[in-house]
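Have a look at the structure below before the remarks.
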Amino acid sequence: MTGAAAGRPQSLRFLLLYALAWAGCSIAYVPFLTILLPVRVSHMAGHGPDVAWLAYIAFFGAIASSIANIVFGALSDRSGQRGGWIWAGLALSSAALWAVTQAHGLSSLIAIILVWQVGLNMMLAPLAAWAGDCVPDRQKGLLGGLLAFAPGLGAVSGAVVTLPGLASADARLALVAVLVAACVVPVLVMGAPVAVDCASTAIPAPPAAAHGPAQPRLAGRDALRRMWCARLAVQVAEAALFSYLYFWFRSLDPAMGDNPTARVFSVVLIVSVPAALLAGRWADRRDRPIVPLFACALLATLGLGAMALARSLTLAMGAYALFGFASTIFLSLHSAQTLRVLPRSDRRGRDLGFFNLTNTVPSLIMPWLTLGIVPSLGFSGLFLLLAGLSLLAAIALAPLSSRS
């Protein structure tokens, strides 16, 4: 899965098509999990506990996603190729989206979501590892900047498919599946990546003590732990807002609907794209891959603190804009820079599966944490807790930022 041309840059065509495919994966889940599924759950629950239903779906879906991502990442490592798994995952996840329209109760909906998560991660895991196979370290900042298009396009797709009068509730799911295929298929058919040697290089260790030997293996583990913990902290905050932003906006203004919420996602994430590209290119040229991550973690902390204080819809949208801007850049660049610290290229898919736990574990934690905090302390208490976690991410990255 790696070639012999050490240091050879990857073709711009592959980078662009890969970014489009990654955006397709975002389109697969962003409009579905943020808008289409919550609205469907609200309609199915009627006057029942729709937030509790969503919590159960998020909990069991995260378990399926965690397992599937590790399994299919490892299988793509062992098979020595990624494309077949991506094709199969695309087909299964698309079929599961259609099956959602046939669900008539919570139990059947949960079962379908589990199948959908398996298919989605059958596509996502080998696709993520493919970037490690094909993109050298000196282009990972650019890759991270290009990946920032993904959540923006995911949000735009949510705004498009929820346009009033465009499609029925069931047809919206079919439209999402078509958009995903249109984004993912081109890289599989026309990608043709240049063969490069992409064995990851760990973030440099600090200088050895005057009378002590250097310990690069320990430094590598330290970098892995810090990168993993920092992403987990930011992802906990992102996961909470991912599912509950719609309900928070509705608590401030009951007239806030699904399409305005989707437009908020769209604007925030689209604005983040050029900033992520600039930050990624800066990191490549200065060879300072962690500095933008550290800065974004601090900005996310400020945004969450402002959200806790917001008492009007306008202020709430502004505060969320700051958090969304910072967290989008952080998560996009982190996805690419993580490839630097993975210890072995022959286990890249499996190892990325364990890093993917930072995406899924929050979904196991946040539903119950939200149900425990929001009824007693409101959303403000929840946002203060999330601000503290984002600050911990900045603290975890500070040593790596100072020496990278």
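Please treat every number below as a calculation from the coordinates, not as lab data. This is a predicted model, so every value here is computed, not measured. Cβ placement follows ideal geometry from the backbone for every residue including glycine, while neighbour counts extend to all protein chains displayed.
Miscellaneous remarks
- Helical segments meeting 27 Å axial Cα length and Kyte-Doolittle 0.5 threshold in the chain (DSSP H): 12-31, 50-79, 106-134, 169-190, 291-309, 313-341, 357-403
- Sites R281 and S108, calculated FRET efficiency, Cβ-Cβ separation with R0 51 Å, nearest 0.05: 0.60
- Taking the chain and dividing mean pair separation by its residue count, relative contact order in percent (alpha carbons under 8 Å, at least six apart): 29
- Taking label points 7 Å from Cα along the Cα-to-Cβ direction, M44 and A398 give a separation of 4.5 nm.
- log₁₀ of I(q)/I(0) at q = 0.13, 0.14, 0.24 Å⁻¹ - the stretch 251-334, Debye sum with one point per alpha carbon: -0.45, -0.52, -1.10
- Cα shape, the stretch 143-184, gyration tensor, a/c 1.5 rule: oblate
- For the stretch 211-366: span of alpha carbons on each principal axis (Å, largest first): 64, 34, 30
- Highest mean packing first, where packing is the average number of other Cβ atoms within 10 Å per residue, the peptides 267-278, 149-160, 124-135 line up as 124-135, 149-160, 267-278.
- Helical runs (DSSP H, four residues minimum) scored at -39500 (n - 2.57) apiece and divided by the length of the chain put the mean residue ellipticity at 222 nm at -27500 deg cm²/dmol.
- The listed peptides 164-170, 381-387, ordered by packing as a protection proxy, come out as 381-387, 164-170 (highest mean of other Cβ atoms within 10 Å first).
- Whether the stretch 110-184 is rounded, prolate or oblate, judged on the alpha carbon gyration tensor where a/c under 1.5 counts as rounded: oblate
- Taking only alpha carbon atoms, the stretch 75-127 gives an Rg to Rh ratio of 1.10, where Rh is the Kirkwood radius.
- Estimated inter-spin distance, V115 and V271, nm [label 7 Å along Cα→Cβ]: 4.1
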